[in-house]
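Structure, as structure tokens:
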Amino acid sequence: MRQLEISDLITAVDPVDGRRLPVRRDDVVRQLRAAGDERAARIVAGLPVDRDGTLDPDAVDRLLVSVHTELQRLSEELRVGDRLVHLLGPLFAAIRADGGRPGPYRLVDIGCGLGYLVRWLAATGALGPDVELVGVDLNAALVGEADRLARAEGLDCRFVHGNAFELPEAATVYVSTGVLHHFGAEALAEFFRAQAASPALAFCHFDIAATTLAPIGAWVFHRARMRHPLGRHDGVVSAERAHPDEVLLRAASAPGMRALVYEPRGLSNPFCTTLRPVVGVRPELEAPLRRALGRRARRLVGAEHLDGGAR
């Protein structure tokens, strides 16, 4: 059984209209105990509830905003913005060079949380003035805080509460950071199929690299940087749930998309690797992307170049 993250269980929304649904604390505790995670069950058992045992939604929101604020500090230390631009810069250069769709272009950050990536891109202007920046999340509290921060910082970007695949305006490129490990195999394939079926030209999703050292590194990092036990717990579980390169490529190889991994296991140092992106482009964009990457293009490989293929 895949380990469970507490943050995935203590909130629930209606999949149709995004309405917040009540969550009973005892139900979450039972789920965690059934998964053999007594420590997580104790953490949830200490969260406040109302008289009928439903988790206090305001307290949960405050906790998640606090944990995501600490995660933002981790993103700053890991230079997540620079890592994404390392690929997104050449990707948008390839889209512009292809000429198939003139700008402006739209980048949509799926599961944006507090919107660190979108706000960082807006503050730096790293992708150019012809790229509109949109963050989307199913958690209304996180979206509200992201919007507040962007307004306070005077940034040209926006945040939406809802489903990233149901926006009225089509995305040019979908991105995410730390989202893929939340999906099981079937949901992961569905996630990529939705992007392939959309008008988007590409996607670039960064997630924890599935290495043997990842859980150890996550434990050390989150122990040092996260104050609340929930953040410490979920940080380690995230690393343990990370998908191997082969699984990512198999799921991302939806019809109409060429799936690639940047710096797979054989080309990276496991002591230095924390995040690894899976990239998808329309087939006609692969050659322009490789030209834009230059010598770095050799780090971008498909399933046929992984040891043994994507089994």
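The values are calculated or read from the model by the stated rules, or taken from the named source; none is laboratory data. Predicted model, so just to flag it, every value in this text is computed and none were measured. FYI the Cβ positions are ideal-geometry reconstructions off the backbone, even for glycines, and counts take in every protein chain you see.
Check whether at least one residue in segment 163-175 is in contact with a His (Cβ under 9 Å, 6 or more places away or on another chain) and either surrounded by fewer than 20 Cβ atoms within 10 Å (Cβ to Cβ) or not in a loop (DSSP other than H, G, I, E, B) (or both), and report yes or no.
yes
Residue 211 fails exactly one of the following numbered conditions: (1) buried (at least 17 other Cβ atoms within 10 Å of the Cβ); (2) part of a helix (DSSP H, G or I); (3) at pLDDT below 90. What is the number of that condition?
It is condition (2) that residue 211 fails.
Taking into account only those residues within segment 15-32 that are of a type in the set (Lys, Arg) and surrounded by 15 or more Cβ atoms within 10 Å (Cβ to Cβ), which is modelled with the highest pLDDT?
Filtering segment 15-32 for residues that are of a type in the set (Lys, Arg) and surrounded by 15 or more Cβ atoms within 10 Å (Cβ to Cβ), the one modelled with the highest pLDDT comes out as 25.
Can you name the condition, by its number, that residue 97 falls short on among (1) under 22 Å from residue 7 (Cβ atoms); (2) hydrophobic (A, V, I, L, M, F, W, C); (3) surrounded by fewer than 22 Cβ atoms within 10 Å (Cβ to Cβ)?
Unmet for residue 97, out of (1) under 22 Å from residue 7 (Cβ atoms); (2) hydrophobic (A, V, I, L, M, F, W, C); (3) surrounded by fewer than 22 Cβ atoms within 10 Å (Cβ to Cβ): (1).
Only one of 288, 255 is surrounded by fewer than 18 Cβ atoms within 10 Å (Cβ to Cβ) and either over 25 Å from residue 82 (Cβ atoms) or at pLDDT 90 or above (or both). Can you tell me which?
After ruling out the rest, the residue left standing is 255.
Within segment 58-76, identify whether any single residue is at pLDDT 90 or above, of a type in the set (Gly, Ala, Ser) and in contact with a Pro (Cβ under 8 Å, 6 or more places away or on another chain), and answer yes or no.
yes
Go through the residues of segment 137-151 one by one and say whether even a single one is part of a helix (DSSP H, G or I), acidic (Asp, Glu) and free of Cβ contacts under 8 Å to residues at least 24 places away in the same chain.
No, segment 137-151 has no match at all.
Yes or no, residue by residue, for (1) farther than 24 Å from residue 139 by Cβ; (2) assigned by TED's automatic domain parsing to the domain that holds residue 177; (3) surrounded by fewer than 18 Cβ atoms within 10 Å (Cβ to Cβ); (4) under 18 Å from the mean Cα position of the chain (by Cα):
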{"position": "67", "(1), (2), (3), (4)": "no, yes, no, yes"}
{"position": "74", "(1), (2), (3), (4)": "no, yes, no, yes"}
{"position": "77", "(1), (2), (3), (4)": "no, yes, yes, yes"}
{"position": "84", "(1), (2), (3), (4)": "no, yes, no, yes"}
{"position": "89", "(1), (2), (3), (4)": "yes, yes, yes, no"}
{"position": "92", "(1), (2), (3), (4)": "yes, yes, no, no"}
{"position": "102", "(1), (2), (3), (4)": "yes, yes, yes, no"}
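If residue 42 meets every condition in (1) in contact with a Pro (Cβ under 9 Å, 6 or more places away or on another chain); (2) part of a loop (DSSP other than H, G, I, E, B); (3) not hydrophobic (A, V, I, L, M, F, W, C) apart from one, which number is that one?
(2)
Of all residues in segment 152-199 being under 14 Å from residue 248 (Cα atoms) and of a type in the set (Asp, Glu), which is modelled with the highest pLDDT?
190
Given (1) more than 30 Å from residue 128 (Cβ to Cβ); (2) assigned by TED's automatic domain parsing to the domain that holds residue 175; (3) not polar (S, T, N, Q), where does residue 15 come up short, assuming only one miss?
The failed condition is (2).
With the requirement that a residue be farther than 16 Å from residue 71 by Cβ, in contact with a strand residue (DSSP E or B) (Cβ under 7 Å, 6 or more places away or on another chain) and part of a helix (DSSP H, G or I), what does segment 231-256 give you?
Residues satisfying the conditions are 245, 248, 249, 252.
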